[in-house]
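These notes concern the structure reproduced below.
What follows draws every value from the coordinates through simple rules; no lab data is involved. Please read all numbers here as calculations on a predicted model, not as lab measurements. For neighbour counting, all protein chains shown are included, and Cβ atoms are generated from backbone atoms with ideal geometry for every residue, glycine included.
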Amino acid sequence: MPGSGVNMTVDAGPVPSGERPRAFKVKIKHWRTLASWSWNAGDDVCGICRNPFDGCSPEAKYPGDDSPVVWGTCRHAFHLQCITQWLSSQTEQRCPICRQNWEFKSAEENEE
Amino acid sequence: MAARGGGQVGPAKKLKIKPLKLKPKLPANFVETTWAKLQRSIQAVFAEEKVAYSFEELYRAAEDLCLHKKAGFVYQNLVNECEAQVTRVLGKLSQNQGSTFLSELEKEWQTHCNQLLTIRSIFLYLDRTFVLQNAQLKSIFDMGLQLFCQQIEKSPGMERTLSSGLVEMIALERRGDQSVDRKILKSLVKMLLLLGLYSKHFEGEFLEETKSFYAKEGADKMRELSVLDYLVHCERRLEQEEEKCKEILDALTNSPLMKIVEDCLLKRHLDEILDKGFNKFVDQLKLVDLRRLYKLCFRVGGSDLVRTALCNYVKEKAGEYVTDDKNRSRMVQNLIDLKAAIDKVVLECFDDEESFHSSLKEAFEYSINLRQNRPAELVAKYIDAKLRSGNKGGGEEELENVLDSVLVIFRYISGKDVFEAFYKKDLAKRLLLGKSSSIDAEKSTIGKFKTECGSQFTNKLEGMFKDVDTSRDIMAGFKNSASVQSKLKHGMELYVNVLTTGYWPTYPPVEANLPAELRDYQEVFNKYYLSKHSGRRLMWQNSLGLCVVKCKFKKATKELVVSLFQTVVLMLYNDADKLTYEDIEKATGIEPKELKRTLQSLSLGKVRVLVKEPKTKEVNPTDTFAFHYEFTAPLYRLRINNIQLKETKEENQNTTERVFQDRQYQVDAAIVRIMKSRKTLSHTLLISEIYSQLRFPIKPSDLKKRIESLIDREYLERDASNAQIYNYLA
């Protein structure tokens, strides 16, 4: 609107300027918010079940805590249920993707 | 009789009975005189005069004659006497077949019967011996009746006069003539029955008359009376005829009679009755009349028609509610009310017929699914409104009832996934913004869905509750962690709901430049959370963030409950008094649409903490916003975050679109699943398999598109020899 800029200066209205202190007018007391978590495994799918990591492994009913994702020392990630099943069906404990020896990566190692 | 004789003592004398020396003889004219005596008496009885002899004497006389083998003679003479009497009496009557004919005949008949009884008493011995032993002879009473009957048949025109007279009487009575003497009617009909003349002329003529009477009455009354009154009339008529039949007529006449009455009054007019009356009755919940209507229709086998009418009513009404966009907010309540009313009608008026229930289910399903998504969405919204805090009206029990009744409507919805999507979105808002009236009620609602649709349906919804509970634990740990608390310096409290991706509706990320304190807290929480849960990452969702903000105004300090975006905007005023729209946009980094909404809520809502210039009703990029120092309000704590609860058009669209996208995936998945197990399948078989697996409605043409798409993506191929057959490509 072309006239609005002019109006603003003419009719300052209920905003008396100058006299009030410059201290905080607005202070946040409480913040209630949300954050959604997902597995830190990229937007990829599990190499075994081809379901997204954020989805369900075929064995699990629910995504999230019920379908945990684990990493091997080779840095490949799978649903826990998927890799467990894979390993138990194999004689040699190897990563199904890179064929290296499979070892679960510990939580500490995972922190980067 | 020889007894003890001479009395001399001697050898034992034998007692001997000697025959009479002389055979006893009857007086010479024994038969003649005795009969004459009897005859005189019979005639006296017939003439209603005093009988000169005692009945004892007469009985003996009759007995004597019989004993002397004169029974045949007596019987024949008796017949002659009776015949003479009947001829005399009826002969007289046949001369006069005028208005008094029936009553006179009735009188004669009664007299005749009484006289016959007397005569039979006199000749009881004859009746019990001679007559019984001769099968071809009729008992005295029956003989008397037969003579009466024969005489009636012999008299010219008498029979006709009799039956048409009776029919006439009945017709008069039907027209409401009070003077009709039921006694005469009753006794004459009984006479016809006794004489075996009932079915010969009377019954047919009577039924004929009935038919023409009621045919006319049905047509007339249908024209004159309202349907309501007409039905009352019919009911009364049927009762009258039933009662009449019981009282006067032969029981065998009942079924043809009632059939005629039902036919003429009801069956012929059934369509018209239902057409004119039914909807009005249901509209006005005229239970008594509906009950009557049903009972009457049921009598003539028209309950199917009633059912159809009811279903049409439901289809029409429910269809109206569903397609009426103007009164969208009333739709669910209207449907619930309609369903309750119809249930009541079926229970109280239609004998709670099972077939009614199943047809009604179809009718409701049909009309509710006239619109694909609206009803599902509105049902979800309806429940949302009930479960939101601040919903007035009733306690837990009331809420339960409401939920149960809305669940009935829910059952009819074919696109349950649409419902789920909207329900989930609303539930998320209730949980995350602390707007749920009671977690118990929430859980009990979920429980109801679970029993209704199975756990698959509610898995994610339950997951949401789980997340809320887990978050509470996480936050408790966060608050109690000394190392964490030492890092938090702003004296602000943080509460984070940590959501599992997948359970919750997806919120489009809305970026905003958060104030430094919020960023600090975020950072601390992030570290804390990831230290507890490795292998995860956190995505902050701003759109449902909520803050309590202390605002110092000139007169007082207020606490405002605001959305995160509102907070971000308000925080800017710590360093300024007045900002242009552009300033705000630049500083907050909130996208225009969201920003406009936010500014609108702060400057144009009920609680105006910003003053907009110019004072138009829309937010424009050229506006300026000043902090409202003069702001006053009676309350200390003010809520201005309602915009978060409100659903925007985009949100609504997004939800719907997501459902449709989801459906595509589900269809694709179903097709692949089926083809993977079958390898080769014809088009028709595939389609029917798909339909049996899907839980939402979809058009066959859409299915075809999905199949095409899967062929393009090389999941399937058309068989080289037959285009109607698909092969699965591994």
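Annotations
- Unit charges at the beta carbon, dipole of region B:10-71: most positive-side option, B:Ala36, B:Leu22, B:Ala61: B:Leu22
- Computed magnitude of the charge dipole of chain B (debye, nearest 20; Cβ of K, R +1, Cβ of D, E -1): 2000 debye
- Size of electric dipole in region B:650-728: Cβ of Lys, Arg +1 and of Asp, Glu -1, about Cα centre, debye, nearest 20: 360 debye
- Geometric extent, Cα atoms of region B:30-239 - Rg, Dmax (angstrom): 22.6, 80
- Peptide B:624-635 shows a mean partner chain C-beta count of 3 within 10 Å per residue C-beta.
- Relative compactness, region A:40-105, computed as alpha-carbon Rg over 2.2 N^0.38 Å: 1.02
- Proxy reagent accessibility, fewest Cβ within 10 Å first, across B:Tyr53, B:Tyr503: B:Tyr53, B:Tyr503
- Size of charge dipole - the protein assembly as shown - debye, nearest 20, with Cβ of Lys, Arg +1 and Asp, Glu -1, no other charges: 1980 debye
- Here region B:210-266 is treated as a sphere whose radius is the Kirkwood value from Cα pairs; by Stokes-Einstein at 25 °C and 0.890 mPa s it diffuses with a coefficient of 214 µm²/s.
- 0 to 90° range, to nearest 10: angle between helix B:439-453 axis and chain B longest Cα axis: 60 degrees
- Exposed loop sites here are GluC sites (Glu not before Pro) assigned a DSSP state other than H, G, I, E or B and surrounded by at most 14 other beta carbons within 10 Å; excluding them, the longest clear run of chain B is B:50-510.
- Charge dipole of chain B about the Cα centre (unit charges at C-beta), most positive-ward option of B:Val406, B:Asn641, B:Ser563: B:Val406
- Look at the stretch B:538-551: the mean tally of other chain Cβ atoms within 10 Å of its residues' Cβ atoms is 5.
- With the simple model of a label 7 Å out from the Cα in the direction of the Cβ, B:Arg175 to A:Arg75 spans 11.1 nm.
- Annotation: the protein assembly as shown has a Kirkwood hydrodynamic radius of 38.0 angstrom, from the mean reciprocal C-alpha pair distance.
- For region B:650-728, alpha-carbon Rg and Dmax in angstrom: 13.4, 48
- With distances taken between every two different alpha-carbon atoms, chain B has a Kirkwood hydrodynamic radius of 36.8 Å.
- Positive-end residue of B:Ser139, B:Gln178, B:Ser199, charge dipole of region B:119-221 with Cβ unit charges: B:Ser139
- Beta-bridge orientation, chain B: approximately 90 percent antiparallel, per DSSP, counting only bridges with both partners inside.
- Degrees, to the nearest 10: B:516-532 long Cα axis against longest axis of chain B: 70 degrees
- On Cα atoms only, tilt of B:101-122 relative to the major axis of chain B in degrees: 60 degrees
- Based on Cα atoms of region B:388-459, Rg over Rh with Rh as the Kirkwood radius reads 0.95.
- At an R0 of 56 angstrom, the distance between the Cβ atoms of B:Val300 and B:Lys92 translates into a FRET efficiency of 0.70.
- Tail fraction, Cα-Cα pairs, region B:337-460, threshold 19 Å, whole percent: 52 percent
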